[in-house]
Amino acid sequence: MNWKNTENKLNEFIDNKLFNGVVLKITNENKTIYFNSFGYSNLEEEVKMNNDNIFALYSMTKPITVIACLLLIQRGILSFEDRVCDFYSDFNEEIKIKHLLNMTSGLTYFWNNSESGKEIKAAFDLVENENIALQNFCEKISKTKVISKPGTEWHYGVSLDIIGGIIEKISNQGFNDFVNENILTPLEMQDTAFYIKDLNRKTQVYEFKKTIDGNKLISNKDFHFLMPFTNKQPAASLGGSGLFSTADDYSKFLNFLIDGKINGIQYLESELLEEMRSDQLKDNKETFKWTFNKDYSYGYGVRVRLRNELDPLTEIGEFGWDGALGSAGLVDPKNNITMTFLSSSYPGNNRIVQTELFGAVYKDLRELNIIK
């Protein structure tokens, strides 16, 4: 099959130095219909990107954390209505599990000048630089003030990191162990972990800069934004940003999100999966600051497409999320399509990926008569 629009766009990304290298995998009916790599894992040494390169997922970790939480809800051990202060007493009493899942907890990240943001930044610094445990991290976050009444406004932030801490408390095991035992192993995601399993396949991170002389990519071998980049298990496995993976592994997870089945067995109830990928903001949708396309709202850890009127046209019901280094995941349940795009530049030019690349992929899907 000739994926001309997709490949032209990916080559354009590389030629314009938006990314040093990328990997793209597309599946239909859980079968690979496209899998290729472009550019270099290491520009200076001209090490070509390979399909099995390992990337930092960053926020593409979030949907995996959501599934971990939903599995506990399915087992009756946790509920959407449970109060977070029942696990960490200093949290605002109005925050519930559902608010953490849909990012309406009032907890943010640190790219604002609020006092809460500064306190959250300090907690992340301790994870990066002092390798503090996840429980210590959550306790420190619990003392910060919310920036809005829980349940009323969408704010991107540490909510799913706190979910990871709650899962540790409930399961009496490390969050990494819970995720490995309940998600990664059943899905045979052997290259995925909260550390880099094989340094020989690690993808170098490049800082993207616009200059008078054009775009530049500058190698940063000490890159460790939000979390350590290490080949050893960190003390804090961050549910919001901590996983490393390959395109093949993450594709397995995205295919699981189509029907919740593993080897034909219903592993996650359809009703819970539908909750995840449904509009969970409703009347508060106007507070959703993910602005690439107004046809979207937010579910649990993922964008969800409610209409298909604005470019790039994908499909109603399409959902997924992206990461700080430009990577993006897409699940299209109607057409049984998944797309895993992995990249390693910071900042990640996410807007370009989720407009231009999404548009090119869907143009090819339609021109190749894979979908209508």
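The values are calculated or read from the model by the stated rules, or taken from the named source; none is laboratory data. Here the structure is a predicted model, which is why all the values come from computation and not from measurement. Because the Cβ atoms are built from the backbone with ideal geometry, glycine has one as well, and the counts that use them run over all protein chains shown. Just so you know, the surface numbers come from the protein's heavy atoms only, side chains and all, with ligands and any DNA or RNA stripped out. Shrake-Rupley method; radii C 1.70, N 1.55, O 1.52, S 1.80 Å.
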Next item on the list: Starting from residues that are closer than 17 Å to Lys252 by Cα and assigned to a strand (DSSP E or B), keep the ones in region 51-102 and report whichever is nearest to the chain's Cα centre (by Cα).
Entry: Ala56
Notebook entry, point to check: Between residues in region 249-265 that are under 13 Å from Ile67 (Cα atoms) and residues that are of a type in the set (Asp, Glu), which pairs lie under 7 Å by C-beta distance while being six or more apart or on different chains?
Noted result: Gly260/Glu269
Next item on the list: State yes or no: is Asp161 charged (D, E, K, R), under 30 Å from Thr287 (Cα atoms) and surrounded by 16 or more Cβ atoms within 10 Å (Cβ to Cβ)?
Entry: yes
Notebook entry, point to check: Of all residues in region 145-158, which are in contact with a helix residue (DSSP H, G or I) (Cβ under 7 Å, 6 or more places away or on another chain) and either at pLDDT below 95 or among the basic types (Lys, Arg) (or both)?
Noted result: Lys145, Ile147
Note to self: Just to be sure before I move on: is Glu139 in a loop (DSSP other than H, G, I, E, B), touching a Gly at 6+ places or on another chain (Cβ under 9 Å) and at pLDDT 95 or above in the structure I sent?
What the structure shows: no
Item checked: Residues (farther than 10 Å from Met339 by Cβ and open to solvent by 10 Å² or more (accessible area, probe 1.4 Å)) located in region 17-27 -> Lys17, Leu18
Note to self: Just to verify a result, which residue in region 291-318, among those that are out of contact with any strand residue (DSSP E or B) (no Cβ under 6 Å at 6 or more places or on another chain) and aromatic (Phe, Trp, Tyr), is modelled with the lowest pLDDT?
What the structure shows: Phe292
Note to self: If I filter region 259-299 down to residues being touching a helix residue (DSSP H, G or I) at 6+ places or on another chain (Cβ under 9 Å) and among the β-branched types (Val, Ile, Thr), which single residue comes out as least open to solvent (accessible area, probe 1.4 Å)?
What the structure shows: Ile262
Check: Picking from Asn50, Asn30, Asn2, which residue would you name as being open to solvent by 10 Å² or more (accessible area, probe 1.4 Å) and either without any contact (Cβ under 8 Å) to a residue 24 or more places away in the chain or within 25 Å of Gln266 (Cα to Cα) (or both)?
Finding: Asn30
Item checked: Tally of residues being touching a residue at least 12 places away in the same chain (Cβ under 8 Å), open to solvent by 80 Å² or more (accessible area, probe 1.4 Å) and not basic (Lys, Arg) across region 357-372 -> 1
Next item on the list: Please indicate, with yes or no, whether at least one residue in region 166-175 is closer than 26 Å to Leu24 by Cβ, part of a loop (DSSP other than H, G, I, E, B) and open to solvent by 10 Å² or more (accessible area, probe 1.4 Å).
Entry: no
Margin query: Suppose we keep only residues that are among the β-branched types (Val, Ile, Thr) and not in a strand (DSSP E or B) within region 315-356. Which one would you say is most open to solvent (accessible area, probe 1.4 Å)?
Written below: Ile316
Note to self: Being open to solvent by 10 Å² or more (accessible area, probe 1.4 Å) and not in a loop (DSSP other than H, G, I, E, B) is the requirement here; does Glu153 meet it?
What the structure shows: no
Checklist line | Residue count, region 145-178 (criterion: out of contact with any His (no Cβ under 8 Å at 6 or more places or on another chain), β-branched (Val, Ile, Thr) and over 15 Å from Tyr300 (Cβ atoms)) | finding: 4
Notebook entry, point to check: Of the residues that make up region 116-134, is at least one of a type in the set (S, T, N, Q) and surrounded by fewer than 17 Cβ atoms within 10 Å (Cβ to Cβ)?
Noted result: yes
Next item on the list: Evaluate the following for Asn113: is it assigned to a loop (DSSP other than H, G, I, E, B) and without any contact (Cβ under 8 Å) to a residue 40 or more places away in the chain?
Entry: yes
Checklist line | Scope region 178-219; condition open to solvent by less than 20 Å² (accessible area, probe 1.4 Å) and in a loop (DSSP other than H, G, I, E, B); matching residues | finding: Met189, Thr192, Phe194, Ile196, Thr203, Val205
Next item on the list: Among the residues of region 33-47, count how many are part of a loop (DSSP other than H, G, I, E, B) and in contact (Cβ under 8 Å) with a residue 60 or more places away in the chain.
Entry: 2
Item checked: Count - residues of region 360-372 that are assigned to a helix (DSSP H, G or I) and out of contact with any helix residue (DSSP H, G or I) (no Cβ under 8 Å at 6 or more places or on another chain) -> 3
Item checked: Residue among Ser245, Ser237, Ser219, Ser241 that is in contact with a Gly (Cβ under 7 Å, 6 or more places away or on another chain) and hydroxyl-bearing (Ser, Thr, Tyr) -> Ser237
